[in-house]
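Everything below concerns the one structure shown next.
The values are calculated or read from the model by the stated rules, or taken from the named source; none is laboratory data. Source: prediction; values computed, not measured. Counting neighbours? That spans all protein chains shown, and the Cβs are built from the backbone with ideal geometry, glycine included. Keep in mind that these areas ignore ligands, DNA and RNA; they rest on the heavy atoms of the full protein, side chains included. Shrake-Rupley method; radii C 1.70, N 1.55, O 1.52, S 1.80 Å.
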Amino acid sequence: MSRVKEEIARRRTFGIVSHPDAGKTTLTEKLLLFGGAIQEAGAVKNNKIKKTATSDFMEIERQRGISVATSVMGFEYRGKKINILDTPGHQDFAEDTYRTLTAVDSVIVVIDVAKGVEAQTEKLVEVCRMRNTPIIVFINKLDREGRDAFDLLDEVETKLGLKISPLSWPIGMGQDFQGVYNMWESNLKLFTEVSKVKIADAIAIKDVNDPQINKLVGDKAAETLREEVELLDGVYDDFDPENYRKGEISPVFFGSALNNFGVEELLNCFVEIAPPPQPKDADGRLVRPEENLFSGFIFKIHANMDPKHRDRLAFMKIVSGVFERNTNYIHHRIGKNIKFSSPTAFMASKKSIVDTAYPGDIVGLHDTGSFRIGDTLTSGEVLEFKGIPSFSPEHFRFVNNADPLKAKQLNKGVDQLMDEGVAQLFTLESNQRKIIGTVGALQYEVIQYRLEHEYGAKCSYENYSAYKACWIESHDAAQLEEFSKLKYRYLARDKFNRLVFLADSSFSLSMAQQKFDKIKFHFKSEF
Ligand code: G4P
């Protein structure tokens with residue numbers, strides 16, 4: 001195998017998703033500890049946007065600034081180069097998370113054993129399933145009293161729509177939690193005291209009938225384990241790594257991230273089964289990582305909050321070929337050649353200048369405003385990667401200029417913030433008024449603050465009552481015309497000039513769907 005092929009084959013780029021508080025940050029940290037990427041717990045945690053900070057958005061922005069460092073955490077483990085892409089847990093930044101998911105090759109979903117499948121997890125898994133992203137499920141906080149493991153698995157299957165195959169099984173829970181029987185590695189690991197550094201080694205077990213188990217956990221727990229494992233065998237399919245990589249079956253692990261329990265098993269299995277960098281669809285053509293020519297796309301843009309340093313950092317996932325420093329690449333949307341003198345790579349929480357990067361890697365590019373989310377860079381071929389859709393926002397407000405002398409600055413600021421993906425802009429067809437749509441209300445404060453401090457513009461908001469934004473399309477010109485006449489007041493264009501229906505209520509949406517059966521109403525911008 002050529003060196004480039006070897007480099008590609010050993011990369012594993014993934015994201016951890018969960019509902020806030022399920023334990024994503026704790027798990028990330030423990031994985032980094034195993035990878036030797038950090039020396040002590042707390043390094044990642046401190047960068048987390050705390051939910052207590054919701055009323056103080058400046059604090060959130062400050063932390064967002066710091067979190068550039070943890071946007072990508074790379075480390076080496078068992079010969080693999082692992083890149084964990086951080087996803088903001090804060091619900092108001094969910095759109096950021098959706099986009100980050102376009103840059104991962106697989107995902108680990110963390111579920112709190114007591115809370116089960118929560119709303120945010122459902123949404124995020126839905127986004128993964130749209131692309132058949134392989135998913136591993138980690139059920140966390142087994143040291144606490146939680147739900148019955150079988151019920152929980154049922155919920156994972158029904159609510160998340162995942163076909164699962166448990167690869168480990170808990171022995172007891174909460175007070176009675178004794179450890180985990182690992183079917184993947186055929187061993188048993190006992191849960192002892194909270195120990196953040198070293199935990200007991202796993203004990204090799206022949207199978208669930210091994211009498212050793214009785215000695216280790218007692219007769220009663222051993223019997224229960226045997227009954228439960230037998231039940232599992234009857235209910236769930238055997239695990240097939242090939243099917244997992246196709247996104248058809250998800251292995252499940254149990255553990256406690258806080259106690260560093262079950263994390264090593266998860267990581268060991270992950271490096272064995274998780275997929276290397278995957279091909280990506282560029283409008284009909286699948287671009288493969290092994291291709292000679294370089295290509296990559298921007299999935300995240302991070303602005304510097306310091307008004308003295310207005311540069312931004314654009315995060316690019318490399319899809320094919322080799323990326324090199326100081327080499328000209330074509331930025332297709334603006335039709336220009338660009339080269340980068342100081343592209344950054346991320347190892348744990350450190351940044352460093354990188355000369356060469358391979359498919360699967362994430363490179364940080366300094367940007368003075370020429371990038372937009374979804375932009376493609378290549379070494380020549382005209383490509384446009386698909387798959388960074390916008391979802392219908394939850395909140396809508398008119399944005400008004402509050403300082404008539406600064407109209408230009410306001411427009412520029414709004415445009416750039418939208419390019420960064422902070423929110424979505426819709427322009428009403430009827431009167432050209434601008435509406436900002438966001439996932440969380442917090443974004444409005446962030447936008448107002450940034451417009452003032454970074455662009456010297458002032459804005460005010462006015463409520464716009466809309467239920468959902470639907471991107472519409474139809475092959476039936478007559479029906480589209482009729483719809484446009486009837487719903488003229490509710491029609492807008494997004495920043496790519498696509499037609500959007502801002503439905504004012506769920507009732508009016510379903511009426512429209514019934515009446516105009518030749519029109520398709522999409523809840524995301526890519527279809
Ligand atoms: P998130 O990133 O998904 O939002 O979750 P995070 O890791 O911050 O964990 C949320 C809370 O759950 C934290 O407690 C964390 O310590 C706790 N936690 C994580 N894993 C486990 C586990 O295996 N067992 C138990 N019992 N708790 C766990 P906190 O009190 O909110 O924060 P902190 O004060 O500990 O930082």
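Points to keep in mind about this one:
- Note on the chain: Kirkwood radius taken over Cα pairs, Stokes-Einstein applied at 37 °C and 0.692 mPa s, translational D equal to 133 µm² s⁻¹.
- Computed from the Cβ-Cβ distance with R0 of 56 Å, the FRET efficiency linking residue 412 to residue 235 stands at 0.45.
- Accessible surface, per residue, of the chain when the full set of protein chains is kept, probe 1.4 Å, Å²: 44
- Sum of -39500 (n - 2.57) over DSSP H runs of 4+, divided by residues of the chain (222 nm, nearest 500): -8000 deg cm²/dmol
- Once the chain from residue 148 to residue 214 is taken as fully extended at 0.36 nm per residue, the excess over their C-alpha distance is 21.6 nm.
- Distance from the C-alpha centroid of segment 482-521 to that of segment 101-144: 33 Å, rounded to the whole angstrom.
- Ranked by the mean number of other Cβ atoms within 10 Å per residue, highest first, peptides 369-377, 336-344, 357-365, 422-430 order as 357-365, 369-377, 422-430, 336-344.
- Burial order of peptide ranges 436-445, 226-235, 25-34 (average beta-carbon count within 10 Å, highest first): 25-34, 436-445, 226-235
- Using 0.36 nm per residue and subtracting the Cα-Cα separation, the extra length available between residue 432 and residue 271 on full extension is 52.8 nm.
- Listed peptides 96-104, 78-86 by packing density, highest first (mean Cβ within 10 Å): 96-104, 78-86
- The order of 184, 471 by accessible area, most exposed first and with a 1.4 Å probe, is 184, 471.
- Residues residue 158 and residue 333, FRET efficiency given R0 of 41 Å [Cβ-Cβ distance, rounded to 0.05]: 0.45
- With R₀ fixed at 56 Å, the C-beta to C-beta distance from residue 190 to residue 515 puts the FRET efficiency at about 0.30.
- Accessible surface ranking that places the most exposed of 504, 112 first, with a 1.4 angstrom probe: 504, 112
- Computed label-point distance, nm, for sites residue 382 and residue 465 using a 7 Å Cα→Cβ extension: 4.7
- Placing +1 on the Cβ of every Lys and Arg and -1 on the Cβ of every Asp and Glu, with no other charges, gives the chain a dipole of roughly 2220 debye about its Cα centre.
- Partners for residue 220 among lysines (Cα-Cα distance below 24 Å; same-chain residues under 8 apart left out): 141, 189, 206
- Label separation (residue 341 vs residue 126): 4.7 nm, computed from points 7 Å beyond Cα along the C-beta direction.
- Per residue, the convex hull volume that the Cα atoms of segment 280-378 enclose (Å³): 102
- Extension gain for residue 119-residue 508 works out to 137.5 nm (0.36 nm per residue, less the C-alpha to C-alpha distance).
- Within the accessible area of the chain, the carbon and sulfur atoms contribute 48%, probe 1.4 Å, all protein chains present.
- Separation in nanometres of the label points that stand 7 Å from Cα toward Cβ, at residue 486 and residue 223: 6.8
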